[in-house]
Amino acid sequence: MGEVHGRAPDSFDFGNSPFEISGVDFGGKRIIQRTSAGTQGIVAAGTRAARLYAASLVTAKATVRALLFGSPDQVCLVAMGENGLKRTDEDELCAIHLRKRLESRPGDPDLHPENVDIALDMDRYDFAIRVEFEDGRPVARMQRPAATVGDN
């Protein structure tokens, strides 16, 4: 499974989509993965790290527990991004989340799971929140910007 430049190679059974494999039972199976960034970073760091983990948001808590086991002197988080060359939000957010957990800074303890779904529903609302100061105080109002070329 995996990808080359974002696409699954012809001979691969699966691409690199978590959704695509979410219903697959990999129990007892050996998986060979190739990606343009993550697995390349693992190979590059393999000879330099005492312990090495491939992390993601869905394994964050368990990864932090594993990292902290044995009280290491140093932990290095590497967000590989796109092809190991360009920063990506998903990898950066994962590294930030892991860092917070490693520093014993909890996530949002009162967060309702539904809030995450709504927060990740990109472009859910077609308005901006404009803030202007009135009498020295910020006042927020909904603003519906005019459609521009390229809006989908």
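For the reader, a short list of remarks on this structure follows.
- Highest-fluctuation residue, 32, 129, 96 considered, GNM on the chain with Cα pairs under 10 Å: 129
- Proximal charge balance of residue 38 [Cβ under 12 Å; K/R count +1, D/E count -1]: -3
- For the chain, built as a Gaussian network whose Cα springs stay under 10 Å, the top-fluctuating residue of 35, 47, 88: 47
- Estimated [θ] at 222 nm from DSSP helical runs (n ≥ 4, -39500 (n - 2.57)) normalised by residues in the chain, nearest 500: -7500 deg cm²/dmol
- Label zone at residue 50 (point 7 Å along Cα-to-Cβ), backbone N below 20 Å, the stretch 60-81: 63-78
- Loop sites here are trypsin sites (Lys or Arg not before Pro) outside DSSP states H, G, I, E and B with no more than 11 other Cβ atoms within 10 Å. The longest part of the chain free of them is 88-123.
- Straight-distance crosslink candidates among lysines, where the alpha carbon sits under 22 Å from residue 61 and sequence neighbours closer than 8 are dropped: 100
- Accessible surface, per residue, of the chain when the full set of protein chains is kept, probe 1.4 Å, Å²: 84 Å²
- Seen from residue 51, the other residues with C-beta closer than 15 Å to its C-beta sum to a net charge of +1, counting Lys and Arg as +1 and Asp and Glu as -1.
- Most mobile listed residue (75, 58, 139) in the chain, GNM with C-alpha springs under 10 Å: 139
- Heavy-atom accessible surface of the chain: percent carbon and sulfur, 1.4 Å: 53 percent
- Of the chymotrypsin sites (Phe, Trp or Tyr not before Pro) found in the stretch 33-139, those that fall in a DSSP loop while having at most 11 other beta-carbon atoms within 10 Å are 69, 125, 127.
- In terms of its Cα atoms, the stretch 39-152 spans 57, 35, 29 Å along the principal axes, sorted from long to short.
The values are calculated or read from the model by the stated rules, or taken from the named source; none is laboratory data. Being a predicted model, the structure only gives us computed values, none of them experimental. Note that each Cβ is placed from the backbone with ideal geometry, even for glycine, and that neighbours are counted across all protein chains shown. Areas reflect the complete protein model, heavy atoms only, side chains present, ligands, DNA and RNA absent. Shrake-Rupley method; radii C 1.70, N 1.55, O 1.52, S 1.80 Å.
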